[in-house]
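Enquirer: Let me begin by handing over the structure; questions about it come next.
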Amino acid sequence: MLVESSRQQLMSDVPIALFLSGGVDSAALGSLMAHAGADKITALTIGFDEKSFDESESSEKTAQLLGISRRVIKLPASQMAGSLDNAFWAMDQPTVDGLNAYWISRAAAEAGFKVALSGQGGDELFGGYESAAWFDRFSHWAGALQPFPKSMGRAVLDHDQFPFRWRKLSYLVGSDDPFVAAQLAVRVLFLESDVHELLQPAFAASNGTSEAAKHIRSWASETKGQDLQERVAFLDFPAHLEARLLRDGDAMSMAHSLEVRPVLLDHAIVEYVLGLPPAVRLRKKQLLLDAMRGIFPEALSSDLQTRPKRTFTFPFSRWLGNDLRSTITETFEPQRLARAGVLEPAAVNRLWQRYLQNPEAVGWSRLWIVFVLARWCEIMRVGV
């Protein structure tokens with residue numbers, strides 16, 4: 001099935017690129033492309049100066065073991081900062097994700113490719129996310145804390161001086177549904193109080209975690225009574241893969257006239273894999289590794305078994321307070337923020353100063369999405 005789906009995705013009258021990371025999914029695609037008869041494969045990898053985020057070495061090893069050519073596109077913070085406005089324009093709507101898809105798509109287009117293969121969906125299908133353990137743990141905690149009033153959770157945990165990860169634990173106290181509470185505690189970037197502080201009143205009234213809770217509650221109802229592991233895995237599809245990864249990837253690739261094909265999300269593969277018991281498919285990619293036996297070169301198969309799990313993430317935790325500091329400070333200038341009439345300038349700058357003083361307490365993703373929203377509003381001339 002994997003080989004046949006790969007053959008279908010390889011149908012094209014133009015050269016096809018492969019988005020290659022250091023992980024199992026893209027390594028599987030490279031092997032499948034070769035096995036399906038692809039004459040010439042070119043793999044593309046984004047590289048960073050920050051070693052802890054850079055997958056160049058592991059992707060090089062994969063390419064060598066597969067016998068395919070590979071190009072590394074180094075992305076220093078200065079170059080990324082210079083193209084931010086172009087990326088934000090391509091977003092269509094503000095998102096915490098998407099720049100990784102923008103840059104790898106740009107690299108493919110500049111190299112002359114019109115089609116690229118992506119390993120998106122592998123984590124959702126084969127249980128690749130480490131966060132599953134947190135959902136499990138939080139669901140149990142929420143069940144134990146269900147008898148206590150919600151107000152107690154807010155009174156004890158929802159304080160600015162606490163790290164945001166602690167504050168989110170307030171969702172676990174007095175919840176109507178422990179599973180929904182665990183989802184909110186892991187997925188939500190801002191508490192209701194934060195939303196009302198950061199947004200102008202007209203926008204805060206129609207936004208907040210109540211909207212997120214409504215969607216999560218609806219999705220959760222479709223798996224009621226099922227195993228917790230299966231419920232967590234199911235939510236990854238609508239809450240993360242569809243709403244963020246695929247949507248952002250589509251917007252960013254189309255901005256470069258590039259067609260990206262997520263081979264592992266071929267309907268035949270998805271229907272078959274989702275029909276398997278959770279204990280079989282959700283074993284941290286083991287099912288995919290087993291299915292690739294005889295297709296992976298033996299040396300690659302052995303090597304992938306021991307590689308640590310990594311995600312394709314930019315070094316924003318390093319960049320925000322350093323290389324991007326002046327850009328963010330300028331964007332958060334009160335008069336600039338007031339022009340769009342969406343964000344509260346004073347609240348935004350309090351968040352920014354707290355981040356500069358203690359990045360871990362705020363979290364880079366919370367600061368980043370506020371910056372994205374502010375900059376996106378400027379580019380789209382909101383309020384002008």
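The values are calculated or read from the model by the stated rules, or taken from the named source; none is laboratory data. Predicted model only: the values in this text are computed from it and were never measured. Don't worry about glycine lacking a Cβ; one is built from the backbone with ideal geometry, like all the others, and counts go over all protein chains shown. These area figures cover heavy atoms from the full protein model, side chains too; ligands, DNA and RNA do not enter into them. Shrake-Rupley method; radii C 1.70, N 1.55, O 1.52, S 1.80 Å.
Enquirer: Give me log10 I(q)/I(0) at q = 0.13 Å⁻¹ for the range 9-65, Debye formula, one equal scatterer per alpha-carbon, no solvent.
Expert: -0.34
Enquirer: Using the heavy atoms of the protein chains and a 1.4 angstrom probe, tell me the accessible area per residue for the chain in square angstrom. Walk me through the intermediate numbers first.
Expert: Details: 17860 Å² over 384 residues.
Heavy-atom SASA per residue in the chain reads 47 Å².
Enquirer: Give a residue-ordered list of calculated ³J(HN,Hα) values for the range 44-53 (Karplus: 6.51 cos²θ - 1.76 cosθ + 1.60, θ = phi - 60°; whole Hz; x for Gly, Pro).
Expert: So the J values, rounded to whole Hz, are 10, 9, 8, x, 10, 5, 6, 4, 5, 9.
Enquirer: With θ set to phi - 60°, apply the Karplus curve 6.51 cos²θ - 1.76 cosθ + 1.60 along the range 56-70 and write out the HN-Hα couplings as whole Hz, x wherever there is a Gly or Pro.
Expert: Karplus-based 3J(HN,Hα) across the range 56-70 equals 4, 5, 5, 6, 5, 5, 4, 4, 5, 5, 8, x, 10, 7, 9 Hz.
Enquirer: Which whole-percent values make up P(r) of the chain when all C-alpha to C-alpha distances are grouped in 10 Å steps starting at zero?
Expert: With 10 Å bins starting at 0, P(r) equals 5, 21, 30, 26, 15, 3, 0.
Enquirer: Any chance you could look up the accessible area of Lys214 with a 1.4 Å probe, heavy atoms only, rounded to 10 Å²?
Expert: 110 Å²
Enquirer: OK, next. Can you list the lysines whose alpha carbon is less than 26 Å from that of Lys224, not counting same-chain residues fewer than 8 positions off?
Expert: Qualifying lysines at Cα under 26 Å: Lys150, Lys168, Lys214, Lys284, Lys285.
Enquirer: Could you please report the charge total around Arg231, scoring K, R as +1 and D, E as -1 over all other residues with beta-carbon less than 15 angstrom from its beta-carbon?
Expert: That works out to -2.
Enquirer: Right, here's the next one. What are the residues whose amide H is under 5 Å from the amide H of Gly47, where those residues sit 5 or more places off or on another chain and H is modelled from the backbone?
Expert: Close amide H contacts, sequence-distant or interchain: Ile73, Lys74, Leu75.
Enquirer: Next question, about the same structure. Charges at C-beta only: +1 for Lys and Arg, -1 for Asp and Glu. How large is the resulting dipole of the chain about its Cα centre, in Debye rounded to 20?
Expert: So the magnitude is around 460 debye.
Enquirer: Report the Cα centroid-to-centroid distance between the range 283-307 and the range 345-384 in angstrom, as an integer.
Expert: Each part reduced to its Cα centre gives a spacing of 41 Å.
Enquirer: Related question: List the pair-distance distribution P(r) of the range 285-384, using every Cα-Cα distance, as the percent of pairs falling in each 10 Å bin from 0 up to the bin containing the longest distance, rounded to whole percents.
Expert: Calculated over all Cα pairs of the range 285-384, the distribution is 13, 34, 17, 12, 16, 8, 0 percent.
Enquirer: At 1.4 Å probe size, with the rest of the protein present, what percent of the exposed accessible area of the chain is carbon and sulfur atoms?
Expert: 53 percent
Enquirer: Mind grabbing the accessible area of Ser317 for me, 1.4 Å probe, Å², rounded to tens?
Expert: Approximately 60 Å² for this residue.
Enquirer: If you wrap a convex hull around the C-alpha atoms of the range 133-190 and split its volume per residue, what is the figure in Å³?
Expert: Normalising the Cα hull of the range 133-190 by residue number yields 68 Å³.
Enquirer: Moving on to the next point. Would you calculate, for the chain, the mean residue ellipticity at 222 nm contributed by helices, counting each DSSP H stretch of 4 or more residues as -39,500 (n - 2.57) and dividing by all residues, to the nearest 500?
Expert: Working: 26 runs with 216 residues, N = 384.
Result for the chain, helices only: -15500 deg cm²/dmol.
Enquirer: Over the heavy atoms of Leu169, what accessible area does a 1.4 Å probe trace out, to the nearest 10 Å²?
Expert: That residue has around 40 Å² of solvent-accessible surface.
Enquirer: Output the Cα-based Rg and Dmax of the range 102-155 in Å, rounding Rg to one decimal and Dmax to a whole number.
Expert: 21.0, 60
Enquirer: So what does log10 I(q)/I(0) come out to for the range 58-187 at q = 0.09, 0.10, 0.16 Å⁻¹, using the Debye formula with one equal point on every Cα and no solvent?
Expert: Here log10 of I(q) over I(0) equals -0.49, -0.59, -0.96.
Enquirer: Please work out the ratio of the alpha-carbon Rg of the range 145-279 to 2.2 N^0.38 Å and round it to two decimals. Present the calculation step by step, with values, prior to reporting the outcome.
Expert: Working: Rg = 18.0 Å, N = 135, 2.2 N^0.38 = 14.2 Å.
The range 145-279 yields a ratio of 1.27.
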